[in-house]
1. Using Cα pairs closer than 8 Å and at least 6 residues apart in sequence, work out the relative contact order for the range 156-268, in percent.
2. Can you give the local net charge around Tyr314? Use residues other than it whose beta-carbon is closer than 14 angstrom to its beta-carbon, Lys and Arg +1, Asp and Glu -1.
3. For the ranges 262-272, 305-315, what's the packing order if you count other beta-carbon atoms within 10 Å of each residue, average per peptide, and put the highest first?
4. With a 1.4 Å probe and all protein chains kept in place, how do Ser331, Ser244 rank by accessible area, largest first?
5. Counting only heavy atoms of protein chains, what accessible area per residue, in Å², does the range 139-238 have with a probe of 1.4 Å?
6. Just to confirm a number: summing +1 for Lys and Arg and -1 for Asp and Glu over residues other than Arg227 whose beta-carbon lies under 11 angstrom from that of Arg227, what do you get?
7. May I ask you to derive the relative contact order of the range 308-379, considering only C-alpha pairs under 8 Å and at least 6 residues apart, and to give it as an integer percent?
8. Just the accessible area for Arg165, please: 1.4 Å probe, Å², rounded to the nearest 10?
Amino acid sequence: MLKSWRIVVFFVLMITLGFFFGLAHKKNIFPYMSYISRTKILNDSIMIVNKIFNPIHGWSNITDIFNNKLSSVQENMLLETINTSSKTMLNISFVSPSEVLKGGDGIIFLETTDRMQPPTLILCAIESAARVYKNRPVAFFMKGLSNTNKEEMVKRHFSALSSLRNVHFFPLKFEEVFADTPLHSWYQKIDPQKQSYWTHVSADACRLALIWKHGGIYFDTDVISIRTVPIKDFLAAESSQFSSNGIFGFSSQYNFTQKCMVQFVQNYDSRIWGHQGPHLFTEVLKKFCEIPKFIGTEDVMCGNIAFLNPQRFYPIPYPAWRKYFEVWDRSSTFNDSYALHLWNFMNKEKLTMVPGSNTLAEFLYKEYCPSTYKTMLGN
């Protein structure tokens with residue numbers, strides 16, 4: 001009789017456990033709290049079962065089996081918690097850039113001002129890269145970000161990117177970026193207050209150091225990605241025989257980026273805009289080959305570097321940058337392009353994408369950064 005009563009109690013406990021387990025799962029508003037509550041229910045139930053049934057021969061084996069399986073149940077709960085959180089919260093990572101970018105295939109963006117409220121074009125650039133390169137880390141280095149304000153600032157200003165699990169935010173610390181590179185001695189003796197175009201010069205230096213250290217692809221924050229670049233070591237031609245430094249990709253410690261850093265220091269002159277950027281890249285590239293002219297839409301090789309046709313990133317050249325903010329001509333398909341540079345430096349008029357304007361910019365936002373576009377509609 002006693003044994004039958006204990007069997008009935010056991011099944012009642014199991015039914016109750018199942019009810020509370022399902023309830024906790026259904027009300028999983030705060031994943032971590034839900035995980036704790038479900039684990040506590042399991043542990044408390046196990047203790048009750050053990051107290052009731054251990055005196056009965058044979059029941060201890062059943063509860064031992066249940067205990068052995070508990071760790072895997074808890075592990076699955078924890079994995080579910082992590083996955084749920086990553087879908088609903090921004091990836092506020094406190095691991096080092098070296099750890100995130102160790103695969104050498106990361107996508108790197110920079111913000112060398114203290115600005116923390118980014119224009120929508122920056123959000124679109126990051127979102128489009130994260131979607132196109134969905135299996136690769138996308139790192140955004142920001143000078144205005146610190147480890148103390150990181151979580152608050154990122155949640156406040158980058159909520160449009162919350163669904164993208166591969167986006168990482170890092171403080172941009174010049175001393176750390178330039179350490180162990182040819183640029184370190186230059187940075188130690190330079191006075192940023194006395195430099196013309198310091199925002200751009202520091203960005204030119206940082207992108208070189210970061211790609212040299214980690215490898216991967218660098219994009220300016222006004223570049224909207226539309227498909228993957230299938231080549232690892234490349235430069236982007238802005239025009240025939242002239243290289244851009246707004247988009248480029250190399251393996252870590254590549255000889256081209258090394259030579260660029262050395263020449264950056266040797267021929268430094270901040271008074272000339274672009275001297276440490278496109279002009280530097282073009283001059284160093286000339287040391288690898290006599291840069292050929294483009295005839296059609298082909299790419300060319302310069303030594304062991306792929307020099308990509310202007311159609312890949314600059315089908316709309318900088319004098320025509322306003323076309324991005326004009327009504328979209330649907331004949332412009334950009335089938336030969338991997339990404340589009342929107343020439344924000346030229347945009348002194350502060351033109352922006354306006355929802356409902358039917359411009360090329362609106363088409364690009366809708367197609368390649370839909371979360372950013374949706375956020376703009378909501379605002």
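The values are calculated or read from the model by the stated rules, or taken from the named source; none is laboratory data. On a predicted model such as this, the values are computed, not experimentally measured, just so you know. Heads up, the Cβs are rebuilt from the backbone with ideal geometry, glycines too, and the neighbour counts pull from every protein chain shown. When the accessible area is computed, the model is the full protein with side chains, heavy atoms only, and any ligands, DNA or RNA have been set aside. Shrake-Rupley method; radii C 1.70, N 1.55, O 1.52, S 1.80 Å.
1. Details: 102 pairs, mean separation 32.2, N = 113.
Relative contact order comes out at 29 percent.
2. -3
3. 305-315, 262-272
4. Working: Ser331 85, Ser244 5 Å².
Largest to smallest exposure gives the sequence Ser331, Ser244.
5. Details: 3940 Å² over 100 residues.
Roughly 39 Å² per residue, with all protein chains present.
6. +1
7. 34 percent
8. 130 Å²
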